[in-house]
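Data first, discussion second: the structure below is written as structure tokens.
The values are calculated or read from the model by the stated rules, or taken from the named source; none is laboratory data. Computed from a predicted structure; not experimentally measured. For neighbour counting, all protein chains shown are included, and Cβ atoms are generated from backbone atoms with ideal geometry for every residue, glycine included. Protein only, heavy atoms only, side chains kept; ligands, DNA and RNA dropped before computing areas. Shrake-Rupley method; radii C 1.70, N 1.55, O 1.52, S 1.80 Å.
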Amino acid sequence: MKLLRAVELSKRFDGQHVVRGISFDLEAGEILAIIGPSGSGKTTTLRLIAGFERPDHGEVWFEARKLSGPGRHVPPESRGIGFVFQDYALFPHLTVLGNVTFGLKGLSARERRRRAEEVLDLVGLTLFARRYPHELSGGQQQRVALARALAPKPKLILLDEPFSSLDAGLRESTREEVRSILKQTGTGAIMVTHDQEEALSFADRIAVIREGRLEQVGRPEEVYHHPATPFVARFLGNTNLVRGLAHGRFADTPLGTLPLDKEAWGHVLLSLRPEHLELLPPDSRGLKGQIVKRSFKGHDLTFKVRTEHGTYRVQTGYRAPWQVGESVVIRVREVAVVLGEKLDESGSAEIPVEAGPPTHREG
Ligand code: ADP
Ligand code: MG
């Protein structure tokens, strides 16, 4: 049996559709990341599952129990689901131990205390049990919020941008700890984030949301290497969008005849990640161009190469010798990904859409 099923969830605010027919499910112990730009409906989706909002349409099932649906709305506190919000919302007047014990019901005082100590040990905060929230770092507060959510042993917890107020270094280590705690306890989780790297490294599966609709759900590698739409391709990283004329497993493009990740016919839009292209000396066979930008990133180099068929982004090893102004040839090292977008005849103009970084990474 699935742990959770969201079926055709829809929600409107002031007549405006914020969540439009979202369906997905979750296995026991599975971690799903919902990723999308700011305002795309991520928090609303999580609130619908938590029960803080009622769907206009659709259902939420938790194992064999219907939580939301026509004529039914189980209140949040009776759903058996844990939450960790963006701002942690710890009680400032309670100690760490007090915060964690707070949500434990139906146990004796002694059992509550034992359970709280157990989860504080799990998140590595045993020594901080008597402190107050303001005496803790951001990362420690985050772990208290997690301990509080885990204390009643829920099978599912919901996390809304849980790491966004931590600085980069702490964010990565806290993320790894939280993931290992969830896996260790077999707790399923749905995490909302706008950070693609966070989603790719934290989750077992990723759901990409855009304007209240799910564009693609799949394993991180699947969604990254085989994006279904131009939006998904660009939201999860840089890419070159290239038009081509497909004939089965190959397509003719400005970069030559390329193998495709799936069969396609006619005018297609293809995605080629910058790290799937390479640069060769100018006397090589292939599409010729000139380096117009070189960005050193430490572990790699990214070049912008202008050609008579548009500008391409190419990521190479950190030793690549090319400098701005030099002539090069671009070669493709991987199969091209066919994006699920219908192009009409006018789409045959072979101009790659220049792929900039996603313009929608905040909040
Ligand atoms: P995200 O978490 O992806 O940034 P949200 O789910 O918070 O997006 O919001 C999606 C849209 O719904 C936004 O335009 C937001 O202003 C609107 N919205 C969210 N909650 C409410 C509410 N309670 N009343 C009215 N509009 C809301
Ligand atoms: Mg949000």
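Sequence-distant or interchain residues sharing an amide H contact under 5 Å with Val19, placed H: which?
So Val19 has HN proximity to Lys11.
Tell me what the chain gives for mean residue ellipticity at 222 nm when only DSSP H runs of n ≥ 4 count, each as -39,500 (n - 2.57), the sum divided by the residue total, rounded to 500 deg cm²/dmol.
On the way: 8 runs with 80 residues, N = 363.
Roughly -6500 deg cm²/dmol at 222 nm, from the helical runs in the chain.
Angle, helix 138-150 long axis vs. longest principal axis of the chain, Cα atoms, 0 to 90°, nearest 10?
Approximately 60 degrees, to the nearest 10.
Using a 1.4 Å probe on the protein heavy atoms, what percent of the accessible area of the chain belongs to carbon and sulfur?
Values: 8510 of 17380 Å².
Percent of accessible area from carbon and sulfur atoms in the chain: 49.
Taking only protein heavy atoms and a 1.4 Å probe, what accessible area per residue, in Å², does region 275-333 have with all protein chains in place?
Accessible surface, normalised per residue, equals 59 Å².
Which net charge results for the neighbourhood of Glu53, defined as the other residues with beta-carbon distances under 9 angstrom from its beta-carbon, given Lys and Arg at +1 and Asp and Glu at -1?
Working: positive: Lys11, Arg47, Arg54; negative: none.
Value of the local net charge: +3.
Taking every eigenvalue of the Cα gyration tensor of the chain, multiplying by 5 and rooting it, what semi-axes result, largest first, whole Å?
Details: eigenvalues 412, 125, 46 Å².
Computed over the chain, the values are 45, 25, 15 Å.
If all Cα-Cα distances of region 275-333 are sorted into 10 Å bins from 0 onward, what percent lands in each bin, rounded to whole numbers?
26, 63, 11
Under the Karplus relation 6.51 cos²θ - 1.76 cosθ + 1.60, θ = phi - 60°, what is the ordered set of whole-Hz ³J(HN,Hα) values for region 20-31, x standing for Gly and Pro?
10, x, 8, 10, 6, 9, 9, 7, 4, x, 7, 10
In region 37-88, which chymotrypsin sites (Phe, Trp or Tyr not before Pro) fall in coil by DSSP and have 15 or fewer other Cβ atoms within 10 Å? Could the numbers behind the result be given before it?
Numbers: sites: Phe52, Trp61, Phe62, Phe83, Phe85, Tyr88; in loops: Phe52, Phe85, Tyr88.
In loop regions of region 37-88 (DSSP not H, G, I, E or B), the sparsely surrounded chymotrypsin sites (Phe, Trp or Tyr not before Pro) are Phe52.
Between 0 and 90 degrees, rounded to the nearest ten: what's the tilt of helix 168-185 against the longest Cα principal axis of the chain?
So the inclination is approximately 60 degrees.
Order the peptides 323-335, 63-75 from the highest to the lowest mean number of other Cβ atoms within 10 Å of their residues.
Values: 323-335: 15.6, 63-75: 13.8.
Final packing ranking: 323-335, 63-75.
With angles folded into 0 to 90 degrees, how steeply does helix 109-122 sit against the dominant principal axis of the chain? Use alpha carbons for both and round to 10.
For helix 109-122, the angle is close to 20 degrees.
Which ³J(HN,Hα) values, rounded to whole Hz and listed in residue order, are derived for region 151-165 from phi using the Karplus coefficients 6.51, -1.76 and 1.60 in 6.51 cos²θ - 1.76 cosθ + 1.60 with θ = phi - 60°, glycine and proline given as x?
With the stated coefficients, region 151-165 comes to 3, x, 6, x, 7, 9, 10, 10, 10, 9, 6, x, 10, 5, 9 Hz.
Just to confirm the filter: which trypsin sites (Lys or Arg not before Pro) across region 75-169 are DSSP coil and have at most 16 other Cβ within 10 angstrom of their Cβ?
In loop regions of region 75-169 (DSSP not H, G, I, E or B), the sparsely surrounded trypsin sites (Lys or Arg not before Pro) are Lys105, Arg130, Arg131.
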